[in-house]
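Contents: one structure, followed by commentary.
The values are calculated or read from the model by the stated rules, or taken from the named source; none is laboratory data. Keep in mind that what you see is a predicted model, and the values were worked out from it rather than measured. Cβ coordinates were reconstructed from backbone atoms using ideal geometry, including for glycine residues, and neighbour counts include every protein chain displayed.
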Amino acid sequence: MSRVFWDTNLFIYLFEDYGALSEGAGQLRSKMLDRGDQLLTSTLTLGEILVKPTERSDSELCGKYEHAILAAAIMIAAVEIARSYFLHSSVLLRSVGFTRISPRVSVDVSS
């Protein structure tokens, strides 16, 4: 069993259709489940994931993403933040022109 940290793009690839990238994210998650790995992510990641659905005023999709991540992952936060912050942070990020997520690499923090 390992602890594996996922950043924004892996969740986006898992939830949306990005062809081979989505297939790879799905295979990675399946292998993690088979091995009993723990999925870790951050409160910042959740906020970033909510930017596009918030931009589209899609509260249903925001809820689906939030529920899926909170049900599957252990959240890492330096400071406890109210869940309502996630929606507000995505609105703020959009208001300052945050529209694109750069590719990132997952990091195994099991040491």
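Give just the number: which of (1) within 16 Å of the chain's Cα centre (by Cα); (2) modelled with pLDDT of 90 or more; (3) of a type in the set (D, E, K, R) does ASP37 not satisfy?
Condition (1) is where ASP37 drops out.
Starting from the range 1-16, take each residue that is touching a residue at least 12 places away in the same chain (Cβ under 8 Å) and part of a helix (DSSP H, G or I) and list its partners that are buried (at least 20 other Cβ atoms within 10 Å of the Cβ) and small (Gly, Ala, Ser), counting only C-beta distances under 6 angstrom and pairs at least six apart or across chains.
So the pair list comes out as LEU10/ALA25; TYR13/ALA25; LEU14/ALA25.
Here's the yes/no breakdown for (1) modelled with pLDDT of 85 or more; (2) closer than 19 Å to ASP7 by Cβ; (3) of a type in the set (A, V, I, L, M, F, W, C):
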residue	(1), (2), (3)
ASP58	yes, no, no
ILE69	yes, yes, yes
ALA73	yes, yes, yes
PHE98	no, yes, yes
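Please go through the range 17-55 and give me each residue that is part of a loop (DSSP other than H, G, I, E, B) and surrounded by fewer than 17 Cβ atoms within 10 Å (Cβ to Cβ), ordered by number.
ASP17, TYR18, GLY19, GLY36
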